[in-house]
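This report concerns only the one structure given below.
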Amino acid sequence: VPASKGEGKLTRSEMMARVGQRNTRPEMAVRSALHRSGFRFRLHRTDLPGRPDIVLKRLQTVIFVHGCFWHQHAACRRAARPKSNVEFWDAKLARNTARDEAVIRQLEASGWRSVIVWECELRELGWEARLTTTLTLRQASAD
Ligand SMILES: [Zn+2]
């Protein structure tokens, strides 16, 4: 894949280097939005499956901020697979999505609901309102 160095784009190796990294820019954007709306949360709880990025205990809800490529956002152009090393990427990305699904099942089994925020959504107007509305509805049902 030719590394396209457009605005906001990362080369494959830069993306590789970011895997598993915490406190990424998209994650920080989501955290700021939650703060602004007064939600209380904790970060990276290692005692929960998948070590969720953000944990809203009172709402029994976790938030994952997912990169579209690594977590294979369905029907998203940012999730397009590389055209070289096809087998390698197919296997690797299939492992990632299988792991994500298993984590959500495990969380559900212990009473946690998961919200996934996709990196591409953060580029659309209105994502913040959508997220806080989702959480506010849960807050109402938790009260
Ligand atoms: Zn996406």
Quick check, is Arg42 at pLDDT below 95 and more than 16 Å from Val30 (Cα to Cα)? no
Only one of (1) under 17 Å from Arg40 (Cβ atoms); (2) among the β-branched types (Val, Ile, Thr); (3) surrounded by fewer than 14 Cβ atoms within 10 Å (Cβ to Cβ) fails for Thr133. Which number is that? (1)
Quick one: in the stretch 98-138, of everything that is polar (S, T, N, Q) and farther than 13 Å from Gly50 by Cβ, which residue is nearest to the ligand (Cβ to nearest atom)? Thr134
Identify the single condition in (1) modelled with pLDDT under 95; (2) assigned to a helix (DSSP H, G or I); (3) surrounded by 14 or more Cβ atoms within 10 Å (Cβ to Cβ) that Met28 does not satisfy, given that it satisfies every other one. (3)
So which residues in the stretch 63-92 are without any contact (Cβ under 8 Å) to a residue 24 or more places away in the chain and surrounded by 17 or more Cβ atoms within 10 Å (Cβ to Cβ), if there are any at all? Ala79
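The values are calculated or read from the model by the stated rules, or taken from the named source; none is laboratory data. Only a predicted model underlies this, so the values are computations on that prediction, with no experimental measurement involved. A quick note on method: Cβ atoms are made from the backbone with ideal geometry, for glycine too, and the neighbour counts reach across all protein chains shown.
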